[in-house]
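These notes concern the structure reproduced below.
The values are calculated or read from the model by the stated rules, or taken from the named source; none is laboratory data. No experiment lies behind these values; they were computed from the predicted model shown. Cβ placement follows ideal geometry from the backbone for every residue including glycine, while neighbour counts extend to all protein chains displayed.
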Amino acid sequence: MSKRILAGFIAAAAAVGGIFFLIAGCASAGGAGGGKEVVVYQENFESYGGGWRPRGDASISVVSGPANSGDKSLYVTNRSKTHHGAIYPFTALKPGQTYRIAAWVMFNDDSAAAQTVNISVQQVVEGQGEVYINIGGDRLPKGEWIYLEGEYTVPRSRYESEVGVYFESQYKSDENTLPSDLFSFYVDDIVITRLPPLPPPEVETDIPALYEFFAKDFPLGAALENAGYLSPSSNYHSLIRHFNVLVLGNGMKQDAMQPSEGRFVWSQGDALTDFAAKNNKLVRGHTLVWHQQVPGWFFQGSGPGGLASKEQLYGRMEKHIKTVVGHYKGKINTWDVVNEVIDEDGSLRDNRYHQIVGSHEYIANAFRWAHEADPDALLCINDFSIEASSAKQDGFVNLIQTLLDEGVPVHVAGIQAHINLSWPTVADLRNTIRRLAALGVKVQITELDVSIYASGADSRRSIDRETLLEQAFKYRALFDMFREEAREGNLDMVVVWGLTDIESWLNNYPVRGRTDYPLFFGKDMKAKPAYWVMVDPSRMPIQLKRIDATRADHRITNIQDAAWNLVSPRVIADKQGNRYGWFKVMWDDNSIYAMVHAENRDASGKVRFFIEPRNQKTEELSDAAFNREYSLSDAVSAGQGLTLLAAIPFEGKLEARVGFDLRLEYGDTLRSWNDFDNTQEKASLNYGTINLRNLPRVTYAKRGTVDLSARAARDLDPAWNAATPVPMTVQTMGYTEEGSRFRVMWDSSYLYVLAEVVDPVLDARSTIVHEQDTVEVFIDQNNGKTKIYEQDDGQYRVSFRNAASFNGGDSSRFKSRTMIIPGGYRVEMAMPLYAITPAAGALLGFDVQINDAANGARSGIRNWANDTNMGYQDTSDFGLLVLTQ
Ligand code: XIL
């Protein structure tokens, strides 16, 4: 979502015969700094002032015809990479100033139903080299002009501050770029506005301390980037009151504590422990043994290759640990004794300690030395990427078990929890906490942050309201779970890795300079929705729901139309979850169809629909927004309530996103689907969104139970005979053999899948499970089509050797078996249906995928439905599975 609240600057659009005109320019808005917005650049290509250049191989030209206003625009074509496009090297944008860069864009070739165009900025920045920042972007339905905007603050730099503003499509690596990704597009009505300076960041001192909300269940901590924050003169100081556990982000690591042999530096740790004692806070000590931020001398010595010998290393470790732990005896609640000693594949990390010692003995010794120095301190083994089940998690668990079996004093398993909006699911993290607690150790979340990026490959972007809300709800779901696990005695402490988004380490990791927004307090130091969702949900902005509308291939004239059977109902409920009804949506070229069921039988009620054709979420309604009223007296009575069909006149395009809300009205009593404040007549800020989409691929599952244990794998249960094989024809990546197919069945507790894979050469050489010959099943039990995995979503993966791995879902009751068959292999899986009550007619999001490996790497992916290769985190492109009798 690139569209923001346009305070003062209202880009109103009027639809005239499908072409949209920018009819209002800009007005000034006094910011808190008292400044004004000033337009510094404007180009509508009618009397073109020049300056735009091709980026990469693209060709650009001013053309007549397609235009957002007037009759000319800039045409960008002949691109051979996704980041090719049109660029303008501005020298007029000044360091330290913030600009809003806005434009209208359109594509109209046959490459796809919708394409994404981004506004980006490139600049040489001191200390970072050339940076590329995606400041805004959106999906454009074919043939429609779409408004894009983003903000950029020009950094202060000693370099010539030339800022290249450019238009490109969504980044894809060369191997993954398809010809359709190199579509041509048009740009028009570019406006760059200088924004008044923001007031300096200032901490809110009158809001409740966050830790108090969890005090009954667990202490809540934060990492301080450095001990300077403890000083009342630091602007971070007044945020410390939100936490009752403190840890130094860097100040007690090996390089900080003992930079040269025998020279111990106590200043930072002492400052922390003194502050904590005076202010009644707990302290975590981070960390005694790590492979990073270790001074060079620690590993140097007389051994082979100039490495320390085992004796030398042990001597140094023992001295370091005993001196440091001894110095802080009685002042540290928990010590991270060893940090990150497990590798991705579950083996011991090949770090210097392991190279010198050759076994886990160095870990055991570290714990023993620490325990000798402070027998009352809790001793923790801490690691990352163990938050969901994986080979690494297995290795972590096995190591703890081994240490405990050997009598090593390990008291705490630390889960770092550097996570993101889509990974892991709350259920996966809960399972991890329980698995670790079952070992008999305490469990702590030690370095929590929730990145807005799913991986290092995501390009930098600015934050928008929708993402902030998504993050808030993720935090809320996590902390609800933490509270439950703490009450069960499974979780002991939660610590976040930083105070504000300003100083978070994620601004530079894993990508230097890629600004992130992972914490409770923002770049302005103010409490984010992630804070308010815990403290006072009534102060939370309303969450924006996003659903799909299915395209109908004929006019829908009644609620009995069979097309409705392939559309999932969406609940109409208030904030507290009280239900008032449900609705379904479809669309065609002339209408949006809604079937609304009101549980209240009051036929004097009304249903009002609110439509914002461009999905602008604005404080003032655009001229294009409209609402329509239908009377429930026209409804048919169905079940306990009334069901109404509405055909709302509307011209839509495939993949367009439309602002949408509906409201049940009974006199003064209003029940809205999205805007609980019922301000729809004034603002579209709280409308939900519908995506106009095609009907996805559909298949049907017969009812029947398959017994995966009764007979040998070679004898298929005759129950399978009732299911029709479904061919898998979608080639998502690389090459896979034709002919693979699957069958699917269901009963009251399981979904069963039998996949027969054509693959003459079987390969499980890679240690990465999805790079082995495997079959995956994706299930979205409530067909919610969400951008992130919810509790009902799961991905189940089984190799031809019957090794299973999971992402979400319920692995505890999962069953599978496999067999090698002529020309390939066969996989049978039983996946628990735990989030729905399965019944004939139910709709589930569903897909089956084959990962084909060759020479130890994935060489092809074949799917039944979804070719995006994003199914592991995004359920919106799954196919549809209909349960039948
Ligand atoms: C990070 C600090 O926050 C950064 O300031 C520093 O540059 C690198 O280390 N896992 C850990 C922490 O255990 O020590 C790391 O802290 C973040 C990842």
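Would you be able to tell me the number of residues in the range 657-686 that are more than 25 Å from Gly137 (Cβ to Cβ) and assigned to a loop (DSSP other than H, G, I, E, B)?
Within the range 657-686, residues that are more than 25 Å from Gly137 (Cβ to Cβ) and assigned to a loop (DSSP other than H, G, I, E, B) number 11.
Kindly indicate which of Gly262, Gly306, Gly301, Gly315 is modelled with pLDDT under 95, farther than 25 Å from Gly414 by Cα and surrounded by fewer than 14 Cβ atoms within 10 Å (Cβ to Cβ). Give the derivation first.
Numbers: Gly262 fails: modelled with pLDDT under 95; Gly301 fails: surrounded by fewer than 14 Cβ atoms within 10 Å (Cβ to Cβ); Gly315 fails: modelled with pLDDT under 95.
Answer to the selection: Gly306.
Would you be able to tell me the number of residues in the range 665-690 that are within 20 Å of Thr786 (Cα to Cα) and in contact with a Ser or Thr (Cβ under 8 Å, 6 or more places away or on another chain)? Steps first, please.
Filtering the range 665-690 down to residues within 20 Å of Thr786 (Cα to Cα) leaves 673-675, 686-690.
Filter once more, keeping what is in contact with a Ser or Thr (Cβ under 8 Å, 6 or more places away or on another chain): 686.
Qualifying residue count, the range 665-690: 1.
For the range 442-460, what are the residues that are touching a Lys or Arg at 6+ places or on another chain (Cβ under 9 Å), in contact (Cβ under 8 Å) with a residue 60 or more places away in the chain and either more than 20 Å from Met870 (Cβ to Cβ) or part of a loop (DSSP other than H, G, I, E, B) (or both)?
Listed by number, the residues that qualify are Gln444, Thr446, Ile452, Tyr453, Ser459, Arg460.
Restricting attention to the range 178-234, which residues are more than 30 Å from Glu484 (Cβ to Cβ), among the hydrophobic types (A, V, I, L, M, F, W, C) and either in contact (Cβ under 8 Å) with a residue 24 or more places away in the chain or surrounded by 15 or more Cβ atoms within 10 Å (Cβ to Cβ) (or both)? Outline the logic, then answer.
Of the range 178-234, the ones more than 30 Å from Glu484 (Cβ to Cβ) are 178-203, 205-206, 225-234.
Applying the additional criterion that residues be among the hydrophobic types (A, V, I, L, M, F, W, C) yields 178, 182-183, 185, 187, 190-192, 195, 198, 203, 227, 230.
Selection gives Leu182, Phe183, Phe185, Val187, Ile190, Val191, Ile192, Leu195, Leu198, Val203, Ala227, Leu230.
Please go through (1) within 16 Å of the ligand (Cβ to nearest atom); (2) surrounded by 20 or more Cβ atoms within 10 Å (Cβ to Cβ) for Arg349 and return the number of the only condition it doesn't satisfy.
Of the numbered conditions (1) within 16 Å of the ligand (Cβ to nearest atom); (2) surrounded by 20 or more Cβ atoms within 10 Å (Cβ to Cβ), the odd one out for Arg349 is (2).
Checking Ala308 against (1) more than 16 Å from the ligand (Cβ to nearest atom); (2) under 30 Å from Lys278 (Cα atoms), which single condition isn't satisfied?
Among (1) more than 16 Å from the ligand (Cβ to nearest atom); (2) under 30 Å from Lys278 (Cα atoms), the lone unmet condition for Ala308 is (2).
Quick one: is Gly221 within 19 Å of Val203 (Cα to Cα), within 16 Å of the ligand (Cβ to nearest atom), within 37 Å of the chain's Cα centre (by Cα) and at pLDDT 95 or above?
Criteria met by Gly221.
Which of the residues spanning the range 589-605 are surrounded by fewer than 19 Cβ atoms within 10 Å (Cβ to Cβ) and either under 23 Å from Pro696 (Cβ atoms) or charged (D, E, K, R) (or both)?
Asp589, Asn590, Ser591, Glu599, Arg601, Asp602
If Ala472 satisfies every condition in (1) away from the ligand (no atom under 16 Å from the Cβ); (2) surrounded by fewer than 23 Cβ atoms within 10 Å (Cβ to Cβ) but one, which is the exception?
Among (1) away from the ligand (no atom under 16 Å from the Cβ); (2) surrounded by fewer than 23 Cβ atoms within 10 Å (Cβ to Cβ), the lone unmet condition for Ala472 is (2).
Of all residues in the range 380-390, which are crowded, with 20+ Cβ neighbours inside 10 Å and more than 16 Å from the ligand (Cβ to nearest atom)?
Across the range 380-390, the qualifying residues are Ala388, Ser390.
Yes or no: the range 96-111 includes at least one residue that is farther than 30 Å from Thr868 by Cα, exposed (fewer than 15 other Cβ atoms within 10 Å of the Cβ) and not charged (D, E, K, R).
Yes, the conditions are met somewhere in the range 96-111.
Within the range 239-248, is even one residue of a type in the set (D, E, K, R) and surrounded by fewer than 23 Cβ atoms within 10 Å (Cβ to Cβ)?
yes
If I filter the range 280-298 down to residues being surrounded by fewer than 17 Cβ atoms within 10 Å (Cβ to Cβ) and more than 16 Å from the ligand (Cβ to nearest atom), which single residue comes out as nearest to the chain's Cα centre (by Cα)?
Asn280
Taking the range 502-515, which residues are modelled with pLDDT of 95 or more and away from the ligand (no atom under 12 Å from the Cβ)?
Residue satisfying the conditions is Ile502 alone.
Is there a residue being without any contact (Cβ under 8 Å) to a residue 60 or more places away in the chain, touching a Phe, Trp or Tyr at 6+ places or on another chain (Cβ under 6 Å) and within 30 Å of Glu612 (Cα to Cα) anywhere in the range 121-135?
Yes: the range 121-135 contains one or more residues that are without any contact (Cβ under 8 Å) to a residue 60 or more places away in the chain, touching a Phe, Trp or Tyr at 6+ places or on another chain (Cβ under 6 Å) and within 30 Å of Glu612 (Cα to Cα).
Out of the residues in the range 240-263 meeting the condition of being aliphatic (A, V, I, L, M) and within 16 Å of the ligand (Cβ to nearest atom), tell me which one is nearest to Glu318 (Cα to Cα).
Met257
Would you mention how many residues in the range 624-656 are without any contact (Cβ under 8 Å) to a residue 60 or more places away in the chain and assigned to a loop (DSSP other than H, G, I, E, B)?
4
Which count do you get for residues in the range 738-769 that are among the β-branched types (Val, Ile, Thr) and not in a strand (DSSP E or B)?
Residues in the range 738-769 being among the β-branched types (Val, Ile, Thr) and not in a strand (DSSP E or B): 4 in total.
Kindly indicate which of Ser568, Ser504 is in contact (Cβ under 8 Å) with a residue 24 or more places away in the chain and within 30 Å of Val882 (Cβ to Cβ).
Only one candidate passes the filter, namely Ser568.
Considering the range 396-420 alone, what residues qualify as being more than 19 Å from Leu288 (Cα to Cα) and either under 30 Å from the mean Cα position of the chain (by Cα) or surrounded by 20 or more Cβ atoms within 10 Å (Cβ to Cβ) (or both)?
Filtering the range 396-420 down to residues more than 19 Å from Leu288 (Cα to Cα) leaves 397-398, 401-402, 404-407, 417-420.
Once the filter is applied, which keeps residues that are more than 19 Å from Leu288 (Cα to Cα) and either under 30 Å from the mean Cα position of the chain (by Cα) or surrounded by 20 or more Cβ atoms within 10 Å (Cβ to Cβ) (or both), the range 396-420 yields Val397, Asn398, Ala417, His418, Ile419, Asn420.
Could you check, for the range 772-781, whether at least one of its residues is more than 24 Å from Arg858 (Cα to Cα) and in a loop (DSSP other than H, G, I, E, B)?
yes
When you scan the range 849-874, how many residues do you find that are closer than 17 Å to Thr786 by Cβ and buried (at least 17 other Cβ atoms within 10 Å of the Cβ)?
Of the residues in that region, 6 qualify.
To keep it simple, each residue is scored yes or no on (1) at pLDDT 95 or above; (2) touching a Pro at 6+ places or on another chain (Cβ under 7 Å); (3) β-branched (Val, Ile, Thr).
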site	(1), (2), (3)
Arg434	yes, no, no
Ala437	yes, no, no
Gly440	yes, no, no
Val443	yes, no, yes
Ser459	no, no, no
Asp464	no, no, no
Leu469	no, yes, no
Glu484	yes, no, no
Thr500	yes, no, yes
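Quick one: in the range 718-735, of everything that is assigned to a strand (DSSP E or B) and of a type in the set (A, V, I, L, M), which residue is nearest to Asn869 (Cα to Cα)? Quick ask: steps written out before the conclusion?
Filtering the range 718-735 for residues assigned to a strand (DSSP E or B) gives 726-727, 730-734.
Still in the list and also of a type in the set (A, V, I, L, M): 726, 730, 733.
On the way: Val726: 20, Val730: 11, Met733: 8 Å.
Of everything passing the filter in the range 718-735, Met733 is nearest to Asn869 (Cα to Cα).
Asp715 versus (1) more than 18 Å from Gly823 (Cα to Cα); (2) part of a loop (DSSP other than H, G, I, E, B): which is the lone unmet condition?
With (1) more than 18 Å from Gly823 (Cα to Cα); (2) part of a loop (DSSP other than H, G, I, E, B) applied to Asp715, the lone miss is (1).
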